[in-house]
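One structure below.
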Amino acid sequence: MITTVNDIGRILNEIAPVRLAEEWDNIGLLVGRTEKKVNVILCALDFSEEVLAQAVKCHADIVVTHHPVIFRGIRQLTDNDWQNRLLMEAVRNDIAVYSAHTNLDSAAGGVNDVLAALLELENVESLSGGEDAVEGIGRIGSLKEETDPETFAHTVKRILKLDYVSLVSAGRPVRKVAVCGGSGMEFLDRAVQAGADTYVTGDVKYHDAQAAAGQHINLIDATHQGTELPVVNEIADRLALRLSRDGLSIKVLVAKETKLLHIV
């Protein structure tokens, strides 16, 4: 039985439904031939030079990423732009690229559920509220035991295997924790309204830190990449399980990605 890029796209739509994507997002099959036969899948957070090199080396037919390889409109396709060069190399090597972005953020079992599970949160619900408690941006849950902000920050650092995290301590005990992988500061107010005493996200700017301090909520910046990388293994595992269940012997691999930000 032949499995095509289109078939992989249909499975990924079950894992991270397209309907969950934000209107401004660019997701789905962004590069490649829909009817190309798939024998090897490589999963990654980003489609970078190092990921492309691994895809070529392992003869991947499709790379599944979280961040879209094409985000804004392309006005020119030349080798003057590093991202366009990657697209051109993908096409030259007949490698398809499928991206699941905000739909994977919101999906049950996606970015934020993986993050919440790693931090051992209990009674987890969507931070979005509403009728559906398992879908939407962000998650909120409770720790089994109360702790202090500094201890919890060190726990986040250890669990996510980071060189560092940044902490804004409001001096409140940590028990009810909201999480939003990637860049989630626009949902700070939502975390406050949901009753969180602590918020874990990435891409925190100085004025974001001020806003958290002003609203008396502990804030931990565990970096954009650090809060999202764990979902890559989850995607690979779920793809492999589904393909195996269907009796398909397709190899599913996880790319090795260098952490961009580190202490020097």
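Per-structure values
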quantity: Antiparallel bridge percentage (DSSP; both residues within the chain; nearest 5); calculated: 45
quantity: Neighbour-limited loop hits for GluC sites (Glu not before Pro), region 51-154 (at most 11 other Cβ within 10 Å; DSSP other than H, G, I, E, B); calculated: Glu131
quantity: Size of electric dipole in the chain: Cβ of Lys, Arg +1 and of Asp, Glu -1, about Cα centre, debye, nearest 20; calculated: 660
quantity: Farthest toward positive dipole pole in the chain [+1 Lys/Arg, -1 Asp/Glu at C-beta], among Val165, Gly32, Ser249; calculated: Ser249
quantity: Loop sites in region 102-177: trypsin sites (Lys or Arg not before Pro), DSSP, at most 11 other Cβ within 10 Å; calculated: Lys161
quantity: Solvent exposure ordering (accessible area, 1.4 Å, most first) of Met88, Met1; calculated: Met1, Met88
quantity: Share antiparallel - DSSP beta bridges, region 1-118, percent rounded to 5; calculated: 35
quantity: Where Phe187, Phe152 fall by accessible area, highest first, once all protein chains stay in place (1.4 Å); calculated: Phe187, Phe152
quantity: Relative contact order (%) - criterion: Cα under 8 Å, at least six apart; region: region 98-185; calculated: 29
quantity: Probe 1.4 Å, all protein chains present, accessible-area order of Val63, Val254, Val168, largest first; calculated: Val254, Val168, Val63
quantity: Where trypsin sites (Lys or Arg not before Pro) fall in DSSP loop in region 57-93, at most 16 other Cβ within 10 Å; calculated: Arg72, Arg75
quantity: Heavy atoms of Asp197 accessible to a 1.4 Å probe, total area in Å² rounded to 10; calculated: 10
quantity: Global geometry of the chain, whether rounded, prolate or oblate, following the gyration tensor of its Cα atoms and the 1.5 cut on a/c; calculated: prolate
quantity: Backbone HN-Hα couplings from phi across region 218-234 [Karplus 6.51/-1.76/1.60, Hz, Gly and Pro as x]; calculated: 5, 10, 10, 8, 9, 6, 4, 5, x, 7, 10, 3, x, 6, 4, 4, 5
quantity: Gain in span if fully extended, Asn39 to Lys251, counting 0.36 nm per residue against the direct Cα distance; calculated: 75.7 nm
quantity: Dipole of the chain, positive end: most advanced residue of His224, Asn93, Trp82 [Cβ charges, Cα centre]; calculated: Asn93
quantity: Helix-only mean residue ellipticity at 222 nm for the chain, each DSSP H run of n ≥ 4 adding -39500 (n - 2.57), per residue, nearest 500; calculated: -10000 deg cm²/dmol
quantity: Rounded to 5, the percent of DSSP beta bridges in region 59-178 classed as antiparallel; calculated: 65
quantity: Cα gyration tensor shape of region 1-83, rounded if a/c is under 1.5, else prolate or oblate by comparing a/b with b/c; calculated: oblate
quantity: The chain: relative contact order as a whole-number percent, Cα under 8 Å and 6+ apart; calculated: 19
quantity: Rounded if a/c under 1.5, otherwise prolate or oblate - region 135-174, Cα gyration tensor axes; calculated: oblate
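The values are calculated or read from the model by the stated rules, or taken from the named source; none is laboratory data. All figures in this text were calculated on a predicted structure; none of them were measured in a lab. Positions of Cβ are generated from backbone atoms using ideal geometry, with glycine treated the same way; all protein chains shown enter the neighbour counts. Surface areas here come from the heavy atoms of the whole protein model, side chains and all, with no ligands, DNA or RNA. Shrake-Rupley method; radii C 1.70, N 1.55, O 1.52, S 1.80 Å.
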